[in-house]
Each structure stands twice: as structure tokens, then as C-alpha cells.
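What follows is a short report on a single structure.
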Amino acid sequence: MLIEIENLSVTFTAQGKPLRAVQEVSFAVAAKSAFGLVGESGSGKSTILRAICGLAPISGGSIRIAGETIRHDRAFSRQVQMVFQDPYASLHPRHSIDRTLSEPLAIHGLPLSESRIQQALTDVGLPANFRFRYPHQLSGGQRQRVAIARALMLEPKILLLDEPTSALDASVQAETLNLLSRLRAERGLTFLMVSHDLAVIDHMCDRILVMQHGRSVESLSRQALASGQMTTAYARSLFAASADRMLPP
Amino acid sequence: MSLLSVKNLRVSFDTETGRVDAVRGVSFSLGRERLGIVGESGSGKTMTGRALLRLIRPPGQIAADEMRFDGIDLLQASEKTMRSLRGPRISMVMQDPKYSLNPVMRVGAQLTEGLRLRDRLSKPAAYAKALEALIAVQIRDPERVMQAYPHELSGGMGQRVMIAMMLIPNPDLLIADEPTSALDVTVQAEVLKILDDLVRARGMGLIFISHDLRLVARFCDRVLVMYKGKIVEELAAKDLLQAKHPYTQGLLNCLPRIGGPRSMLPSLERDASWAG
Amino acid sequence: MSGLITWLRDPNPASRMQSRLGQSYLNWLRLRRNPLAMIGLCITLVLLFAALFAPLLAPHDPITQDLGRRLLPPLTAGNLLGTDDFGRDILSRILYGSRTTLYIVLLVILTAPVAGLIIGTVAGYFGGWTDIALMRLTDIFLAFPKLILALALVAVLGPGIENAVLAIALTAWPPYARVARAETLTVRSSDYIAAVKLQGAGPIRVIWGHIIPMCLPSVIIRVTLDMAGVILTAAGLGFLGLGVQPPLPEWGLMISAGRKYLFEQWWVATMPGLAIFIVSLGFNLLGDGLRDVLDPKSTSK
């Protein structure tokens with residue numbers, strides 16, 4: 001197993017009171033597979049991703065990647081990268097695409113070459129002449145492509161995807177999901193994906209963990225989800241609310 | 001006679017980078033029915049909704065051959081007439097309750113403000129009416145919500161308060177702009193149900209603006225599909241799945257489905273002639 | 001010309017340079033739509049022009065005295081704005097005085113905002129004890145009345161233009177630190193900062209490369225709005241005899257000298273006063289216009 005999470009708890013302090021965002025969640029993700037976390041807002045699914053990245057305080061349990069407990073150092077950033085939910089908030093508004101994409105190379109002292117940036121843009125399906133544009137000159141889908149390109153600049157093995165398409169239009173969502181699938185196949189990436197949309201999770205992931213109020217509710221295989229074989233009432237209600245996302249009979 | 005009729009509505013913006021036409025000749029009429037407007041971002045659906053209330057900020061400009069609501073010419077109406085229409089006759093529910101409720105005022109005060117100032121109700125009468133509105137949107141403990149500040153409410157609760165607030169003056173037309181897209185799927189279903197019941201019970205006209213075709217199909221009587229500021233297709237909601245226009249079909253096909261194949265999703269091939 | 005404009009407007013610039021210039025051109029177009037800002041810009045340009053070409057523009061030497069022609073009213077032949085109590089041409093002194101004024105303003109805006117920006121962003125980014133320590137220091141400086149603090153400093157260091165600048169800069173940085181800190185707090189938790197941290201960037205890179213560019217617009221706006229205040233403080237120090245020393249022409253000093261004749265020969269104090277008024281107004285109008293252009297919240301769309 002590439003990612004192993006055991007009894008993970010995350011506790012924030014809000015106005016002096018502890019807020020337990022994630023409580024004793026455990027799961028494991030196999031290398032080169034895609035794992036989905038589903039739940040409603042406040043279920044703690046995004047917090048797990050942020051905890052892996054060191055952006056949320058871990059109060060208990062452990063996170064291991066390739067058998068080793070994670071340390072948030074430079075080597076970690078070449079192993080794990082993240083794509084954020086809102087493409088309007090995840091790109092620096094005053095940096096050109098060129099600057100955004102060359103930043104990770106500069107941080108790690110890697111050679112900055114023109115062709116490297118151009119290749120990165122082509123890989124995510126953007127024309128090379130977008131290089132010197134600014135984020136406000138791009139559409140939401142194009143921004144998300146830039147964010148994906150940025151996450152892949154350091155050639156990580158693991159990509160954390162936090163609702164990568166929920167801010168996008170349906171047609172752009174399809175293109176972005178296709179791009180992610182293609183990149184995963186080409187580069188042997190491991191995905192840990194968060195979404196509230198069961199259809200998106202089903203399309204992308206091999207295993208699914210349903211979460212509610214910071215706890216894990218039920219772990220499902222893709223087959224079990226598609227055939228509606230849930231054992232818990234909550235997972236069933238989520239499934240029922242997504243009835244219009246089913247394959248038409 | 002129809003409640004609202006719009007002919008050749010245009011909204012354009014003069015910016016540094018040139019003129020942008022957000023809405024390019026939209027015509028429709030509306031009775032006391034539920035009309036859905038769907039389209040992707042940038043299709044002009046939100047601008048269409050705002051233009052009806054003349055809520056387009058400069059440098060935006062509205063032009064139309066006709067824009068008439070219940071016999072009132074919305075293009076010629078004075079700003080004073082428009083103010084008296086917004087709220088009591090035509091209400092609007094926005095996407096995110098976080099930005100539509102005043103964060104430093106208690107919910108109760110916001111709900112009763114209009115009643116007390118506009119309708120000159122006494123304090124207890126306004127309170128009772130606000131409470132009634134909260135019960136109508138199925139809030140379980142309305143007294144607590146009346147005392148709460150907006151940030152103490154969840155997203156679904158906040159959106160219900162918004163709907164309650166918009167429905168208190170009993171408008172003839174409700175414009176709902178993505179009223180549920182900030183909500184979770186299970187909450188979304190509840191809020192839509194409430195909205196639906198209220199619209200039916202009071203016989204209002206409803207314009208439901210959304211990017212979600214499936215939602216609109218389930219919830220409206222008639223659907224306008226917009227693309228780049230124009231209506232490309234108008235059809236009854238029940239026929240949506242049999243849509244003729246390739247754009248509407250493409251929008252429906254590119255959605256992933258539970259249990260669907262893992263192959264690439266069909267992408268939407270845009271044809272320059274659609275925007276014509 | 002039209003070729004240059006298409007080059008600037010090219011949505012797909014071919015180099016960093018072209019893309020930057022293109023952005024600046026758009027900002028210029030946006031500024032041009034605001035007539036008040038354009039008036040402000042014109043006043044500022046006239047000030048720059050006057051300071052640059054003072055020796056060519058001034059009809060008389062600003063220092064040579066001519067006691068036979070003292071206290072002449074405005075519109076006298078040869079002395080458009082009249083003369084002062086030593087018979088020096090007021091117009092010439094105002095033109096030369098603009099050099100002093102600009103010199104002071106430039107030195108202050110090169111020091112105070114930079115210091116404030118660094119202190120504010122560091123405090124905001126690290127939070128905790130760093131924040132508390134730096135912000136209390138800021139509060140201490142803010143708690144003193146500006147002019148009194150400047151006076152105390154000049155009294156210790158001795159009068160003179162450089163010491164006046166130092167005193168003004170020391171009293172001017174805290175508001176910038178406040179602005180920068182507030183801006184940093186909103187930016188700090190954004191996704192793009194999280195993204196660059198996740199790429200392994202250290203605090204210096206994050207602050208310098210990612211946070212400061214976001215704080216710059218509000219600080220620049222604040223600077224243009226504060227320039228008027230700087231001119232007035234400098235004039236105040238001059239007025240009290242603690243800034244620029246006579247006989248050098250400086251606007252505050254000129255007002256101070258004209259005070260004695262305020263009722264009979266009003267122009268001696270009024271003309272430099274008007275100069276201060278117009279230049280302050282110019283900077284304020286320009287600052288207001290720049291706010292609309294540079295504010296990151298309004299350019300996001």
C-alpha cells in the first residue's frame with residue numbers, strides 16, 4: 001500500500017473550543033490506484049487531504065507513504081502534490097502562467113528551460129502561447145489545467161485532488177476528468193480524490209470511503225457503489241440523492 | 001396575458017478590451033409557471049436574470065425592444081418604480097446566502113425590517129409574520145433562528161432564510177439564480193422541494209437559473225437553453241432528454257454517470273454556427 | 001502607433017516583457033477613464049517638470065535679495081506672484097522649492113513604506129509571538145502624535161533636510177505595516193499560498209515572491225494618499241524652523257516667513273500655501289484613481 005492512514009484525527013481550535021474535524025479515520029490506497037472520499041460539506045474529507053499536506057494539525061494517528069511516516073520537507077513535495085477546488089483561488093493573481101509553472105523548479109533548484117514549461121502546457125492540453133498570460137485572462141477550466149500542470153512540475157507519484165471539477169461547467173468537467181485519467185494512465189499516478197458528486201467519484205475511483213461528521217461511515221468498492229450495495233443508511237441516502245446521476249436504464 | 005414578456009433583450013459592457021455582449025437578443029414570455037434558464041458560465045443566464053430587475057452595474061447597458069412586467073414597462077420605469085417592484089413584486093434569490101445576508105444583523109431583524117418599514121407593521125405583528133415565513137420554509141426551531149446571526153447558520157439553513165425573506169412580501173415573480181449550487185446534494189433536494197411547494201401554493205412565476213440540466217429538468221415546466229448570450233433551444237422540461245440541439249445534447253452526454261463506462265467522457269464539440 | 005497598440009494588446013504575449021507591458025497598458029487605459037485621476041496625474045507631472053527645469057523656468061534667482069523691491073503685490077511687472085520681505089521673487093522661490101519638496105517626498109517614500117511592508121508581512125505571515133512583538137512596536141510608534149515625535153527626533157539630531165526626512169520616515173512607517181499585515185492575513189490562508197508552500201518554498205520566498213506582490217497595490221495607494229501628509233509635515237517642520245534652513249527655498253518655511261505680513265501682504269504666505277494645496281490635491285486625486293486600477297479585488301474579473 002502506497003498511502004496508509006491509521007486512526008487519523010484532526011482537531012482545530014475555534015474560539016477556544018476544540019473542533020474535531022476528523023476522528024479516527026483509517027484507510028489505505030494501493031499504488032497506481034484511485035481512491036475516493038465522499039461526503040457532504042463538513043464531513044472532514046478535504047481536511048484529510050490538507051492533513052496529508054501539513055496544512056491541517058494532526059492530533060492523533062499516523063500517515064505513512066511507502067511505509068514511512070511523512071515528514072513535510074522538500075523531498076515530500078516531490079512525492080505528493082495537490083490540486084485545489086477553486087481554480088480562481090489557487091493561482092497567484094499577479095503571477096503569469098510562466099512564473100507559476102517555473103516556481104516549483106526554482107524552489108528545488110532544477111534547471112529552468114523554455115521547453116520544460118512549454119512541454120508542461122502541452123501535456124495538459126493548453127497552447128504553448130498561453131505561457132505569458134495571467135490567470136484572469138483564462139477561463140475556469142484553463143486555470144484548472146494550469147493548476148494540474150503546476151502540480152505535475154515536480155513529477156510526484158501521488159496527486160491529491162480536492163473537488164477538482166466542482167467549480168467547473170459540465171463540459172469542462174468532462175474535459176478535466178479526461179485529462180486526469182489520461183495523465184494517471186501515462187504517468188502511473190496514484191490519486192486520492194475528494195468529491196461530493198458520486199458520479200464523478202464513481203467515474204474516477206476504484207475504491208470509495210463515505211464520510212460523515214468527521215468519521216468514516218462505509219468503505220465501498222466501485223462495483224458495490226454501482227449496484228447500490230451499501231450497508232449503512234447514510235451511504236444509502238447519499239446514493240438516493242444522486243438518483244439523477246445514474247446511468248439511464 | 002403573460003406576467004412577463006421580454007423581446008430582444010441585450011446586455012453589453014464597454015470595457016478597456018472592447019465591447020462585450022453578454023446577452024444578445026433574448027426573447028421569452030412567462031406566465032405563472034416555472035421557467036428554467038440553463039447554460040454554462042458566460043452564457044449570459046445570470047445577466048438575463050439581473051437585467052429583468054435592471055440590476056446591471058455600469059459600464060453595463062441594457063437594451064430591449066420590450067421588457068414588460070404585469071403591464072409595467074421595465075425599460076422606461078423610473079428608478080423609484082423599480083425600487084417599489086424589487087422585493088414586493090419581483091424577488092431574487094442569489095447563489096450564496098453568505099453574501100446575501102447582512103453578517104452583523106440578527107436574522108429576525110433582517111426578516112422584519114422590510115415589514116416594519118414598508119408595510120408599517122407593529123413589532124409583534126412583523127415578528128409573527130417572519131416566524132410564519134420561517135415555518136413555511138420548514139425551519140424546525142424558528143425562534144432560535146430569529147435570534148441567530150447568519151454565520152451561525154449552516155448553508156442550507158441560510159438559503160432557507162433567504163427564500164423566506166424573499167417570499168414574505170408575496171411577490172408575483174421569483175428569480176432564483178443558482179439557489180442550491182452552494183448546498184450539499186441531500187440538502188439541495190430539501191430546499192428545492194420547499195421552493196417548489198411555495199411557488200405552486202402561491203401561484204407565482206418562477207425563473208430558475210442554473211447550470212445543472214438535470215436539476216432544471218426535474219424542477220421546471222419549461223426550459224431555455226442559452227449559449228453565448230443567445231437562446232439556442234426552448235423546450236418542455238419533460239422533453240429535455242430528447243433535446244434536438246447538439247449543444248443541449250452535448251451538455252447531457254458529457255456528464256459522468258454512476259455505473260457508467262470508464263472510457264473517456266464524450267467532450268462537447270462546439271460549433272461556431274450555434275453562436276451565430 | 002497602431003502596431004504598438006496591437007502588440008500591447010496581444011492576448012498571447014511572446015515574452016515576459018510584452019506581457020508586463022500589456023498589463024501596464026490596460027491599467028493605463030483604466031486610469032484614463034477617470035478624469036479626476038488624470039487631473040491628479042497632470043498636477044504631479046507639472047510638479048516634476050517644475051522641479052526638473054526650475055533654473056530655466058524661474059525668472060529670478062531664488063536667494064538673491066533686493067530690498068528695494070520688497071513686498072511687491074502679485075502681477076507686478078517682473079514678479080508675477082509678488083516678492084517677499086527680502087525682495088525675492090515668490091514664483092522663483094516656489095519653483096525652486098518644488099525641488100526640496102520632491103526630494104523630501106522621494107526620500108520618505110523610498111524608506112518608510114519599504115520598512116512598513118517588511119515588518120507588516122513578516123508579522124502577518126508568522127503570526128504568534130512575532131506578530132505580537134512587531135505589532136506592539138508599531139502601536140508604540142502610532143501612539144505618538146506624528147509631529148511631536150518628528151520634532152523630538154529633529155531636536156535630538158539637529159535641524160536639516162536629511163534629519164527631517166529621517167524623522168518623517170520614522171513616524172510614517174506604522175500605517176504601512178498595518179496595511180501590509182491586514183493584507184497578509186487575508187492572503188496567508190489562500191490556496192495559492194498553500195500551493196507554493198506544498199512545493200517546498202521557504203518563508204522568505206513565500207513572503208517576497210507571493211505575499212508582497214499582493215500587498216503592494218494597497219501600499220502604493222496609501223503612499224500616494226500620504227504624500228500630501230508628508231509634504232505638510234515637512235512644511236510643518238520647516239515652519240517651526242526645524243527642517244530646511246533659510247535661505248533655501250522651501251514651501252513650509254516660506255509660509256512661516258509670510259506669517260508676519262499675513263494681514264497686509266497676504267500673498268507672501270498664501271502663494272506657497274496654494275502650492276502645497278494644489279500638489280497635495282494632485283497626489284490625493286492620483287491615489288484615488290490608482291486605487292481603482294490597482295486594487296486586486298477589482299481587477300480579478
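The values are calculated or read from the model by the stated rules, or taken from the named source; none is laboratory data. For clarity, every value in this text was computed on a predicted model and none was experimentally measured. Backbone-built Cβ (ideal geometry, glycine too); neighbour counts: all protein chains shown.
Regarding segment A:122-132, can at least one residue be identified that is in contact with a Pro (Cβ under 8 Å, 6 or more places away or on another chain) and either within 8 Å of chain C (Cβ to nearest Cβ) or in contact (Cβ under 8 Å) with a residue 12 or more places away in the chain (or both)? Yes, segment A:122-132 contains a residue that is in contact with a Pro (Cβ under 8 Å, 6 or more places away or on another chain) and either within 8 Å of chain C (Cβ to nearest Cβ) or in contact (Cβ under 8 Å) with a residue 12 or more places away in the chain (or both).
Screening segment B:1-20 for residues that are of a type in the set (A, V, I, L, M) and not in a strand (DSSP E or B) and picking the one that is modelled with the lowest pLDDT gives B:Met1. Taking segment A:45-80 as the search range and keeping residues that are facing chain C (nearest Cβ under 9 Å) and aliphatic (A, V, I, L, M), which one is nearest to A:Val10 (Cα to Cα)? Restricting to residues being facing chain C (nearest Cβ under 9 Å) and aliphatic (A, V, I, L, M), the top hit is A:Leu55. Just need a number here: residues in segment C:134-192 that are on the phi < 0 side of the Ramachandran plot, part of a loop (DSSP other than H, G, I, E, B) and not aromatic (Phe, Trp, Tyr). Final tally of qualifying residues: 4. With a requirement of 2 or more residues that are closer than 30 Å to B:Leu241 by Cα, the strands (runs of 3 or more DSSP E) lying completely within segment A:167-249 that satisfy it span A:190-195.
Is it the case that some residue within segment C:186-198 is within 23 Å of the chain's Cα centre (by Cα) and of a type in the set (Phe, Trp, Tyr)?
Checked segment C:186-198: no residue is within 23 Å of the chain's Cα centre (by Cα) and of a type in the set (Phe, Trp, Tyr).
Any residue that is within 9 Å of chain C (Cβ to nearest Cβ) and not acidic (Asp, Glu) - is there at least one of those in segment A:108-116? So far as segment A:108-116 goes, yes, one or more of its residues are within 9 Å of chain C (Cβ to nearest Cβ) and not acidic (Asp, Glu). Given the condition under 19 Å from C:Ile231 (Cα atoms) and either outside any loop (DSSP other than H, G, I, E, B) or not polar (S, T, N, Q) (or both), answer yes or no: does some residue in segment C:82-91 qualify? The answer is yes, given that some residue of segment C:82-91 is under 19 Å from C:Ile231 (Cα atoms) and either outside any loop (DSSP other than H, G, I, E, B) or not polar (S, T, N, Q) (or both). If you check B:Asp73, B:Asp65 for being in contact (Cβ under 8 Å) with a residue 24 or more places away in the chain and over 29 Å from B:Thr180 (Cβ atoms), only one passes: B:Asp65. Once segment C:61-81 is narrowed to residues that are assigned to a loop (DSSP other than H, G, I, E, B) and in contact with a Leu (Cβ under 7 Å, 6 or more places away or on another chain), the residue that is surrounded by the most Cβ atoms within 10 Å (Cβ to Cβ) is C:Leu81.
For B:Ser263, the test of being touching an Asp or Glu at 6+ places or on another chain (Cβ under 8 Å), outside any helix (DSSP H, G or I) and free of Cβ contacts under 8 Å to residues at least 60 places away in the same chain is failed.
When the residues of segment A:194-221 are filtered to those that are at the interface with another protein chain (Cβ under 9 Å from one of its Cβ atoms) and among the charged types (D, E, K, R), the one that is surrounded by the fewest Cβ atoms within 10 Å (Cβ to Cβ) is A:Asp197. Residues that are within 13 Å of another protein chain (Cβ to nearest Cβ) and surrounded by fewer than 18 Cβ atoms within 10 Å (Cβ to Cβ) within segment A:179-189 comprise A:Arg182, A:Arg184, A:Ala185, listed in sequence order.
From the list A:Thr190, A:Thr122, A:Thr176, the lone residue that is more than 23 Å from C:Gly200 (Cβ to Cβ), under 16 Å from the mean Cα position of the chain (by Cα), modelled with pLDDT of 90 or more and among the β-branched types (Val, Ile, Thr) is A:Thr176.
Listed here are the residues, each with its yes/no results for (1) within 25 Å of B:Glu16 (Cα to Cα); (2) surrounded by fewer than 15 Cβ atoms within 10 Å (Cβ to Cβ).
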position	(1), (2)
A:Glu103	no, no
A:Gly109	no, yes
A:Ser113	no, yes
A:Gln119	no, yes
A:Gly125	no, no
A:Ala128	no, yes
A:Tyr134	yes, no
A:Gln137	yes, no
A:Gln142	yes, no
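Exactly one residue out of C:Ile221, C:Ile231 is under 30 Å from A:Thr100 (Cα atoms), modelled with pLDDT under 85 and within 19 Å of the chain's Cα centre (by Cα), and it is C:Ile221. Figure legend. Inter-residue proximity from segment C:220-243: first residues closer than 14 Å to C:Leu147 by Cα, second residues basic (Lys, Arg) and in a helix (DSSP H, G or I), beta-carbon distance below 7 Å, spacing 6+ or different chains. Indicated pairs: C:Thr233/C:Lys146. Of the helices (runs of 4 or more DSSP H) that lie entirely inside segment B:79-135, those containing 2 or more residues that are buried (at least 16 other Cβ atoms within 10 Å of the Cβ) and either small (Gly, Ala, Ser) or in contact with a Gly (Cβ under 8 Å, 6 or more places away or on another chain) (or both) span B:97-100, B:107-117. Residues in segment B:232-267 that are crowded, with 21+ Cβ neighbours inside 10 Å and not aromatic (Phe, Trp, Tyr): B:Leu240, B:Thr248, B:Leu251, B:Leu255, B:Pro256, B:Ile258, B:Leu265.
Just to be sure, is B:Asp184 among the acidic types (Asp, Glu) and away from every other protein chain (no Cβ under 14 Å)? Considered against the rule, which asks whether it is among the acidic types (Asp, Glu) and away from every other protein chain (no Cβ under 14 Å), B:Asp184 comes out as no.
Per-residue answers, yes or no, for (1) in a loop (DSSP other than H, G, I, E, B); (2) modelled with pLDDT of 90 or more; (3) of a type in the set (Phe, Trp, Tyr); (4) farther than 20 Å from C:Trp208 by Cβ:
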| position | (1), (2), (3), (4) |
| --- | --- |
| A:Arg71 | yes, no, no, yes |
| A:Pro87 | yes, no, no, yes |
| A:His92 | yes, yes, no, no |
| A:Gln142 | no, yes, no, yes |
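Looking across C:Ala167, C:Ala195, C:Ala180, one residue alone is buried (at least 23 other Cβ atoms within 10 Å of the Cβ) and at the interface with chain A (Cβ under 8 Å from one of its Cβ atoms). It is C:Ala195. In segment C:143-159, is there at least one residue being touching a Pro at 6+ places or on another chain (Cβ under 8 Å) and modelled with pLDDT of 85 or more? Within segment C:143-159, none of the residues are touching a Pro at 6+ places or on another chain (Cβ under 8 Å) and modelled with pLDDT of 85 or more. Inside segment C:211-247, residues that are within 14 Å of chain A (Cβ to nearest Cβ) and β-branched (Val, Ile, Thr) make up a count of 4.
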